[in-house]
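The values are calculated or read from the model by the stated rules, or taken from the named source; none is laboratory data. All values reported here derive from a predicted model rather than from experimental measurement. When we count neighbours, we look across all protein chains shown, and the Cβ atoms used for this are built from the backbone with ideal geometry, even at glycine.
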Amino acid sequence: MAPHLTDTTSIPSASEVVQTVKNTLIPALSAVTLSPKPVDSPGSLSADHPNRAWIMGRDAFEKVMPHHKGIKELWETKWQFPCSKSLYPFHDGLYTDFLPIFTHLINNSIDSGTSPEYTNTFLPVADALVAHADKLLSKPLLPPGRKKEASEIYLRACAIYRIARFPYITARGPKGVNDKTKWEAWTAQKSAYLKAARLWGSPVKEVLVPHVKGRDNEGREIPVYVRCPVPGPEGGWCWPTVILLTGLDGYRPDNTVRCDEFLKRGWASVVLEIPGTADCPSDPADPEAPERLWDSLFHWMEGDGRFDMGKLMVWGLSSGGYYAVRIAHTHRQRLIGSVAQGAGVHHFFDREWIEKADGHEYPFQLSPAFAMKHGYGEDVEGYKSGVQEKFSLLKNGILERESCRLLLVNGVLDGLMPIEDSIMLMEHGSPKEARRVMNQFFTGALHMGYPAANSAVYPWMESVMRSN
C-alpha cells in the first residue's frame with residue numbers, strides 16, 4: 001500500500017481553505033459564499049443551487065472575452081504575445097513562423113478554428129520546416145551542432161502543427177476520426193517530433209502498449225511516449241517514474257520541457273493521452289474506461305523492467321487533472337502521489353458553468369469539444385444535460401474512497417475548470433487519512449495557475465519521491 005500523509009498540522013481543513021480563498025486570495029470577493037450542502041449529499045458542495053455565487057466573481061463568470069469575436073481578435077488580444085515569447089501554446093515555436101500564417105488568416109477572414117481552411121493555412125509552413133531539417137541531416141558527415149539545429153527546426157514545425165490541429169481531435173468519435181484535416185496535422189506533428197527526439201541524448205521512444213484490459217469496442221493498443229535517464233555503466237537501472245496525463249488539446253509531443261525536468265531529477269516519464277482525445281483507445285462514453293486503461297498500462301510497466309513500481313507518480317494536466325484525481329482514488333495502492341493541475345471533477349460539469357465557459361479564456365468554444373470527448377458526439381445539449389450525472393466524481397462516489405497523496409493546483413480565476421472543484425475535494429475522502437489532500441491555489445491566475453504553478457509542483461514531487 002502506498003503511504004499516506006498522517007501529519008495534520010500543515011493540512012488545512014476545508015473550511016480553512018474556503019476562508020483563505022475568500023479573505024486572502026480574493027479579498028475583493030469577501031462576500032462570496034459557496035453553495036449550501038444539498039440534503040441528498042451530506043458534506044458536499046452543490047453544483048445544483050440556482051443562486052450560487054462563483055468564486056471567480058459574477059462579472060468574470062458572465063464575461064465573453066474579446067478573442068471569441070474572430071481570428072483577428074484571437075491573435076491580437078490573446079495569442080500574439082505568448083507567440084512572441086514562445087510560451088504555451090506556442091512553446092518550441094518562432095514568432096516569425098506564425099506571423100505570416102495569422103496575417104493570411106486575418107486578411108481572408110478565416111475565423112473558424114474548426115474549418116479546413118484554418119488548418120490548411122498552417123500545413124505548408126510546417127511541412128517546409130520538416131523538409132529543411134531533413135535536408136540538414138542528409139549529409140553523411142554532420143558538422144558540430146547540426147543535430148541540435150535540426151532538432152530545433154523539427155520542434156518549430158511541431159508547434160505549427162499543434163496550433164493547426166487546435167482545438168481538439170479524437171480517433172474515437174461516432175465515425176472514428178472527428179476531423180480528417182486536423183488528423184493530418186496530428187500525424188505530421190508526431191512524425192516530426194520523433195525525428196527531433198531521436199537526436200537527443202535521452203531519446204523519446206514510442207511504445208504501443210497492449211490494451212489487455214480493453215473491451216471489444218476499444219482500441220487494441222495504447223500509444224505512449226517513454227523517456228528514461230541515460231543509465232550508468234553498470235546498466236540495469238529501474239527508474240522512479242512520472243505518468244503524465246495530457247489534456248484536451250495538449251498531447252504526447254507537447255511536453256518536452258516537463259520531461260526534461262523529470263530527467264534532471266533522475267526520473268523516467270510515460271506520457272499518454274486521456275480518454276476521448278487523440279490516440280487514446282478508450283471508449284469515451286464509458287466512465288469506467290479509465291480504470292481499464294490504467295490496468296493495462298500498469299500491467300505493461302510491471303513487465304518492462306525500466307520502471308520502479310514502488311515509485312510511481314501521476315501528473316494530470318487540465319482535463320488530465322480529472323483523471324489524476326480519479327486514479328489517485330481508484331489505484332491508490334499503485335501510486336505514491338498524484339498531481340491534479342486544473343482539475344474539473346464536479347462543478348465543471350454543471351450546465352451553467354459549461355454554457356459560460358464557452359466565453360472564457362479558451363481560444364475556441366469548449367462545449368462542442370468536450371461533448372465529443374465524453375462520448376456525446378455532436379450532441380452538445382445531451383452533454384450539458386447528462387454529463388454531470390454520468391462523469392462527476394462526487395456523484396459516482398469515487399471521492400469518498402481513500403486516495404494516495406494528492407496535490408491540487410489551479411488558478412483561483414480559472415474560467416475553464418472552476419476553483420470550486422479543488423476546494424470541494426478538501427471535503428471528501430476517508431477521515432482517518434487526515435485529509436491527505438494538499439493544496440496550492442494561485443490568486444489572480446487563470447487556468448491551471450500559470451505561470452507560477454510549476455513552482456509548487458516540482459518541489460512537492462521531489463518531496464514525495466524522497467519520502468518513498
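Here is how the numbers come out for the structure above:
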{"item": "Given (1) in a helix (DSSP H, G or I); (2) buried (at least 21 other Cβ atoms within 10 Å of the Cβ); (3) more than 15 Å from the chain's Cα centre (by Cα); (4) touching a residue at least 40 places away in the same chain (Cβ under 8 Å), index of the condition residue 403 fails", "result": "(1)"}
{"item": "Residue within segment 299-309 that is in the same structural domain as residue 231 (by TED's automatic domain parsing), assigned to a loop (DSSP other than H, G, I, E, B), within 15 Å of the chain's Cα centre (by Cα) and not acidic (Asp, Glu) present", "result": "no"}
{"item": "Among (1) surrounded by 13 or more Cβ atoms within 10 Å (Cβ to Cβ); (2) β-branched (Val, Ile, Thr); (3) at pLDDT below 90, the one test that residue 24 misses", "result": "(1)"}
{"item": "Test: residue in segment 319-327 that is aliphatic (A, V, I, L, M) and within 28 Å of residue 74 (Cα to Cα)", "result": "no"}
{"item": "Residue list for segment 378-400, restricted to those being closer than 30 Å to residue 467 by Cα, in contact (Cβ under 8 Å) with a residue 40 or more places away in the chain and part of a helix (DSSP H, G or I)", "result": "398, 399"}
{"item": "Meets criteria (surrounded by fewer than 22 Cβ atoms within 10 Å (Cβ to Cβ), under 17 Å from the mean Cα position of the chain (by Cα), outside the structural domain of residue 180 (by TED's automatic domain parsing) and modelled with pLDDT under 95) for residue 250", "result": "yes"}
{"item": "Top-ranked residue in segment 63-110 [being among the β-branched types (Val, Ile, Thr), in contact (Cβ under 8 Å) with a residue 40 or more places away in the chain and in a helix (DSSP H, G or I); ranked as surrounded by the fewest Cβ atoms within 10 Å (Cβ to Cβ)]", "result": "101"}
{"item": "Options 382, 377: the member that is in contact with a strand residue (DSSP E or B) (Cβ under 7 Å, 6 or more places away or on another chain), in the same structural domain as residue 325 (by TED's automatic domain parsing) and farther than 30 Å from residue 332 by Cα", "result": "377"}
{"item": "Hits in segment 146-185 - residues which are farther than 21 Å from residue 91 by Cα and not in a helix (DSSP H, G or I)", "result": "170, 171, 172, 173, 174, 175, 176, 177, 178, 179"}
{"item": "Qualifying residue in segment 222-230 (condition: surrounded by fewer than 15 Cβ atoms within 10 Å (Cβ to Cβ) and over 17 Å from the mean Cα position of the chain (by Cα))", "result": "yes"}
{"item": "Pair list, Cβ < 7 Å and 6+ apart or interchain, from segment 284-298 residues that are outside any helix (DSSP H, G or I) to residues that are surrounded by fewer than 18 Cβ atoms within 10 Å (Cβ to Cβ)", "result": "287/390; 287/396"}
{"item": "Enumeration of residues in segment 111-145 that are part of a helix (DSSP H, G or I), in contact with a helix residue (DSSP H, G or I) (Cβ under 9 Å, 6 or more places away or on another chain) and closer than 29 Å to residue 69 by Cβ", "result": "116, 117, 118, 119, 120, 121, 122, 123, 125, 126"}
{"item": "Any hit, segment 174-187, residues being crowded, with 18+ Cβ neighbours inside 10 Å, in contact with a Lys or Arg (Cβ under 7 Å, 6 or more places away or on another chain), aliphatic (A, V, I, L, M) and in the same structural domain as residue 277 (by TED's automatic domain parsing)", "result": "no"}
